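The values are calculated or read from the model by the stated rules, or taken from the named source; none is laboratory data. This one's a predicted model, so the numbers in the text were calculated from it and none came from an experiment. Here the Cβ positions follow ideal geometry from the backbone for every residue, glycine too, while neighbour counts run over all protein chains shown.
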């Protein structure tokens, strides 16, 4: 399986600039180039969230045995390398052994620290899915879990409920409304997957397969919810993200 190495290519941002900087990535695993998160309380909370995720949606596609937490800032050994910083991401580095890395792009006192941490937790349900349905799923999970545990949801609520052009906002509202309209069927949506059309290393939600499990009333309601968001989401399919369009809307 090659898919879990793809992040190393993304992180290695090769740009022209000062000659003292080094292209490529440091030797060793890419996560070793970044600072530890260094927040035992937040890391313990993450595993609480992971338990809640499993209770609501079933066991993760890849059993989780170890999670390495990183603040996505270069450490001293990597300071001269041109690699990305301040991103948030979930990476499976060894699916056979259930080893993951979670990168968080803000400091612990950042207003969106817990929203990002819980969003990344949502991706553990299936770290191979890379599309806008799963991004919305993870954001909805983030909101619910932060509310449940009385953690701040930063400025996401204000921004994601208002933005018309941000794909994360549109995917959040789409999945939030799908869950409200189809509460019993919603947890199953992440179990219907197929190969991502942009990269065989990734999966995407097979939306038609999920829609076929709905009643006729819910089916029509789901299409009405999805349709208004497709135009924006289809514009944001860089880096392998995709959005499967229901056949009934083509």
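Would you confirm whether any residue within the range 150-167 is in a helix (DSSP H, G or I), closer than 28 Å to residue 47 by Cβ and over 19 Å from the mean Cα position of the chain (by Cα)? No.
The residues in the range 101-115 that are out of contact with any helix residue (DSSP H, G or I) (no Cβ under 8 Å at 6 or more places or on another chain) and under 18 Å from residue 239 (Cβ atoms) can be counted, and the count is 0.
Do we have any residue at all in the range 22-43 that's modelled with pLDDT of 95 or more, assigned to a helix (DSSP H, G or I), within 20 Å of residue 114 (Cβ to Cβ) and touching a strand residue (DSSP E or B) at 6+ places or on another chain (Cβ under 9 Å)? The answer is yes, given that some residue of the range 22-43 is modelled with pLDDT of 95 or more, assigned to a helix (DSSP H, G or I), within 20 Å of residue 114 (Cβ to Cβ) and touching a strand residue (DSSP E or B) at 6+ places or on another chain (Cβ under 9 Å). With respect to the conditions (1) assigned to a loop (DSSP other than H, G, I, E, B); (2) closer than 21 Å to residue 116 by Cβ, residue 184 falls short on a single one, namely (2). Determine whether the range 175-182 contains at least one residue that is in contact (Cβ under 8 Å) with a residue 40 or more places away in the chain and more than 17 Å from residue 233 (Cβ to Cβ). The answer is yes, given that some residue of the range 175-182 is in contact (Cβ under 8 Å) with a residue 40 or more places away in the chain and more than 17 Å from residue 233 (Cβ to Cβ).
Could you list, in sequence order, the residues of the range 193-233 that are assigned to a loop (DSSP other than H, G, I, E, B) and in contact with a strand residue (DSSP E or B) (Cβ under 6 Å, 6 or more places away or on another chain)? 196, 206, listed by residue number. Here residue 78 clears all of (1) crowded, with 16+ Cβ neighbours inside 10 Å; (2) in contact with a helix residue (DSSP H, G or I) (Cβ under 8 Å, 6 or more places away or on another chain); (3) at pLDDT 95 or above except the condition numbered (3).
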